[in-house]
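For reference, the structure discussed in these notes is given below.
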């Protein structure tokens, strides 16, 4: 670097002297090594005699060198000017431009004001100005420098690392140049389907379609890469075609509730152009749809460790809204899936996901409405899940350790299971209006599941046709309940089933209310299940190794074998119910139980027109405390050959029982009341 210092002095009254100082700093060494030399010259010779006379101008050139390998800072130069010269003006120096450095966020413009611009560390007297210029940086970015030192800089699309450009300064006494280094880190790609075509994904020139982004989302060169963020502007028009993410990429829509920098995990450097503000409350959504077969017909296809925020996935009729296998840890917030196509298809990974709501109006090709398998973590849907007309099971959970929290659940199918859960996981279903309605398939088929502390609650469950209506096996933890709405049948109707209406095995804490169970166990045949081991009966309600069962306002009308049956049941409460027309052969009862234990209450219930007796109990172990109060047992005399006592009790072996029959009616029975 060089700098010239001009000093005007008078020699005696009329001789003018001028000093120029030249500063030269060599490359750094281990220590600074500073030297200074001064040379004078006659700059203006008024009378041309080659001598310094009064009125002439002298130039002193001072060269200061650093020959060491370490920068020398705070250097001060002092010199005594010849006593025969006199200062007549002001010192002037040629400009000295020093290197500048700034930080930038990938694909985001810098707007650096003059107060923080290129001239703040430059020197000269008078102060220099920058030479206005624009051009391309070393790596292909664009810059534009103004005379006051302010400048704009657009990083090369997709580039991270160091980029440089040069600028020049002048002050009328000389010129100098310096290098500006921009360090670019972090990467956000921008997609705006209202933008002109030809964009390259930068903030000032976004892609205008998912297709344009997908075409380069391959991780090569300066293309979108793993761990980059992608921002979607909201638009009245949906983004069509779907997107497949790379590992660690974050897909962020403008409907998110947190800021873009926070969600992208970046720090915005000073002087960066403002990132788009989130705008989730204005009614315009950021929506992705896919009407094609591209990306498997899915809206978003995951890789590993993706993050999703602030958008809606609409119709994906040929696939799922969100699909991923071996997806690492999936983080989701402020995302809604709605429309045709399945909602989720996720297999193997860890969930840290909260969806606003999930809904599907149909699926094709044997796709589930919702499917999660081999997953851990937590998936929550506070706005609820609604699935109708799927071409396979509506809600499918298999081999999970994850906890699922649904703030509502409505399932409607024909020929497909409503809810299937097997081999683990924790389920919470809350809300007052949850319902499952199926035709020719079970409403619930659950095998090995933990119900969470919030329970699983439905207002109604209805099935018309098929084998079983509701199956719960190896279900532990909290409460499973069908509550109804306080009116007869408001808890749903299970009807026209060849198997059980409800089968509960190795499970407990089950409550059913205001349900009608009609014309079930029609495929039971004529072979009884055995009056001393009621573990394999066909029944309206069949309980095996079950505990804490509550039945209220349940009406059973028409069963091919048993009304209620149970084996190894501990704790039963059946109130305000009816069991009508149970059985069509020998040893078929309104209620048949073996090894019934614990506290049992049958109250305000009617048993009528059963093939044999109303209630039959057989125990050879356990302790039973049973109350039968205000129960009517009647009308088994219309059947020839099989009629029995109203209430049959057989206790033997180690069985112990206390049974109270109170205020009950026994009428029109072929044999004894009790």
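A short reminder: the numbers here are calculations on the coordinates, not readings from a lab. Because the structure is a prediction, the values reported are computed rather than measured. Glycine gets a Cβ as well: all are built from the backbone with ideal geometry, and neighbour counts include every protein chain shown.
Under 8 Å for C-alpha pairs, at least 6 residues apart: give me the relative contact order for the chain, rounded to a whole percent. Normalised by residue count, the contact order of the chain is 5 percent. When each of the peptides 158-166, 493-501 is scored by the mean number of other C-beta atoms lying within 10 Å of its residues, the order from highest to lowest reads 493-501, 158-166. Taking the average, over residues, of other Cβ atoms within 10 Å as the packing measure, peptides 48-56, 416-424 rank 416-424, 48-56 from highest down.
Suppose R0 equals 22 Å. What FRET efficiency, 1/(1 + (r/R0)^6) with r the Cβ-Cβ distance, do residue 183 and residue 133 give to the nearest 0.05?
Efficiency, from the Cβ-Cβ distance: 0.50.
Scaled to the globular estimate 2.2 N^0.38 Å, the Cα spread of the chain, given as radius of gyration, is 1.63. With the biggest extent put first, the Cα atoms of the stretch 226-404 measure 54, 34, 29 Å across the principal axes. When the alpha carbon coordinates of the stretch 96-185 are projected onto the principal axes, the ranges are 41, 21, 17 Å, largest first.
Only helical runs count toward this figure. For the chain, summing -39,500 (n - 2.57) over DSSP H runs of n ≥ 4 and dividing by all residues gives -500 deg cm²/dmol at 222 nm. If you take the Cα centroid of the stretch 98-161 and the Cα centroid of the stretch 449-498, the two points sit 68 Å apart. With a Förster radius of 56 Å applied to the beta-carbon distance between residue 70 and residue 347, the computed FRET efficiency rounds to 0.40. Across the stretch 291-335, Cα-Cα pairs farther apart than 14 Å form 49% of the total. Distance from the C-alpha centroid of the stretch 387-418 to that of the stretch 301-371: 13 Å, rounded to the whole angstrom. Remark: the residue 433-residue 389 segment gains 13.9 nm on full extension, using 0.36 nm per residue and subtracting the alpha carbon distance. Assuming a ≥ b ≥ c are the square roots of the Cα gyration tensor eigenvalues, decide whether the stretch 355-492 counts as rounded (a/c under 1.5), prolate (otherwise, with a/b larger than b/c) or oblate. Judged from the Cα gyration tensor, the stretch 355-492 comes out rounded (a/c under 1.5).
If you look at the Cα atoms of the stretch 419-471, you get an Rg and a Dmax of 11.5, 33 Å. Quotient of the Cα radius of gyration of the stretch 28-177 and 2.2 N^0.38 Å, N being its number of residues: 1.41.
Distance between the 7 Å Cα→Cβ label points at residue 326 and residue 148: 5.7 nm. The calculated FRET efficiency for the pair residue 98 and residue 262, based on their C-beta separation and a Förster distance of 41 Å, comes to about 0.70.
Annotation: extensible slack from residue 211 through residue 414 equals 69.4 nm (criterion: 0.36 nm per residue apart, minus Cα-Cα distance). For the stretch 504-562, the Cα-based Rg and Dmax, in that order, read 12.1, 32 Å. Of all beta bridges that DSSP places with both ends in the chain, some 20 percent have antiparallel geometry.
Projecting label points 7 angstrom from Cα along Cα→Cβ for residue 284 and residue 604 puts them 5.8 nm apart.
Sort 256-262, 584-590, 623-629 by packing, meaning the average of other beta carbons within 10 Å per residue, with the highest value first. The partial results should precede the final answer.
Details: 256-262: 16.0, 584-590: 23.6, 623-629: 17.6.
Ranking, from highest mean packing down: 584-590, 623-629, 256-262.
Shape summary of the stretch 170-289, radius of gyration then Dmax from alpha carbon positions: 17.3, 64 Å.
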